[in-house]
Amino acid sequence: MSRHWRTLMSTLRRLAGTPIATLITVSVIGIALSLPAGLYLLLSNLAQVSSSLEIQPQISLFLKLDAGRDAQRQIEQKLKSHGAIRTFRFVSREQALKELSASNGLGDLAAGLPNNPLPDAYILTAKGNDAALLDKLRLEVSQWPGVESAELDSAWARRLNALLELGQQLTLMLAVLLAFGLIAGMGNIIRLQILTRQEEIEVSKLVGATNRFIRLPFLYHGALQGLLGGLAAWGIIATSTQLLNISVTRLASLYGSTFRLGGLAMNDVAMLLGISAFLGWLGAYLAVSHFLRHFHLSHH
């Protein structure tokens, strides 16, 4: 345990002894990590907004203005016996006008109308959430006698969810690509460290040092730089979120909302720091292993 502690302290002194190089490396790692982490945070906030929206598949079935009671009864019988419809409710012309009058800023407009232009309607709830089946159902009911049109109310919300899923896939792809880039970059940094200490390593090997003994300080170096890069990424994301919230809260207030962008949760922060430290460790491990393998071959 004392050996690990001495190695850790030695690595910290080396990092502190080259502050400019350390700052540049940590900044590059932080910026690279902040891109996928920031996209993840943005998608999480959008998903939170989406989850509060009404996305239950519903179809608004508008009747013709001259549709009589007989047509209405026939439509209701079809709705009751249809296998793809879970529930439905009738919204009369009068009720629709009252709801329009109660809407913010539309009361005066509704009051100024000479007559009620709104049709009777049925609000249907489908049993499934499949987009193709919903479109097929909407087309079917729109062709019934006495029906003027049918609209799929939740189509935009389902499109939003599809966009969120696409965004999550793109974020994952970006994270994987940047992870490979960070591993390669950290490997190059460790290779430079190895070159500056090559004579020291060769002497250590001559006196019987094991590969594990030689590898250990470089692994600490990579892991610590990765960890510092993760902390830098957290700071970038937290600062960016606070700056964006100035505009977001102003925009939300115009719509009567108190929405604010949330920051990374502590478990997300822990995952970010763990991943960044691991990527630094892995880059160092691959670089040192590559050097030791070639060193072994050149001396045999």
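Counting neighbouring beta carbons within 10 Å and listing from fewest to most, the residues 29, 24, 59 come out as 24, 59, 29. Each of 218, 62, 90 has some number of other Cβ atoms within 10 Å of its Cβ, and from fewest to most they run 90, 62, 218.
The packing ranking of peptides 256-268, 33-45, highest mean first, is 33-45, 256-268, where packing means the average number of other beta carbon atoms within 10 angstrom of each residue. Arranged from fewest to most other beta-carbon atoms within 10 Å of their beta carbon, 120, 70 become 70, 120.
Can you list the residues, at least 5 places off or on another chain, whose amide H is less than 5 Å from the amide H of residue 147, using H built in the peptide plane? Counting only residues 5 or more places away or on other chains, the set is 64. For the cross-link pairs 78/127; 80/127; 98/136; 80/136, the ones whose C-alpha atoms lie over 23 Å apart are 98/136.
Positive-end ranking of 225, 208, 247 along the dipole of the range 168-252, with charges on Cβ about the Cα centre, is headed by 247. Working note: Karplus 6.51/-1.76/1.60 with θ = phi - 60° gives the range 70-82 the couplings 5, 5, 5, 5, 5, 5, 5, 5, 5, 5, 5, 9, 6 Hz, where Gly and Pro are set to x.
Taken together, the values in this text are just the output of simple stated rules run on the coordinates, not laboratory data. These numbers come from a predicted model, not from an experiment. Ideal geometry is used to build each Cβ from the backbone, glycine not excepted, and the neighbour counts take in all protein chains shown.
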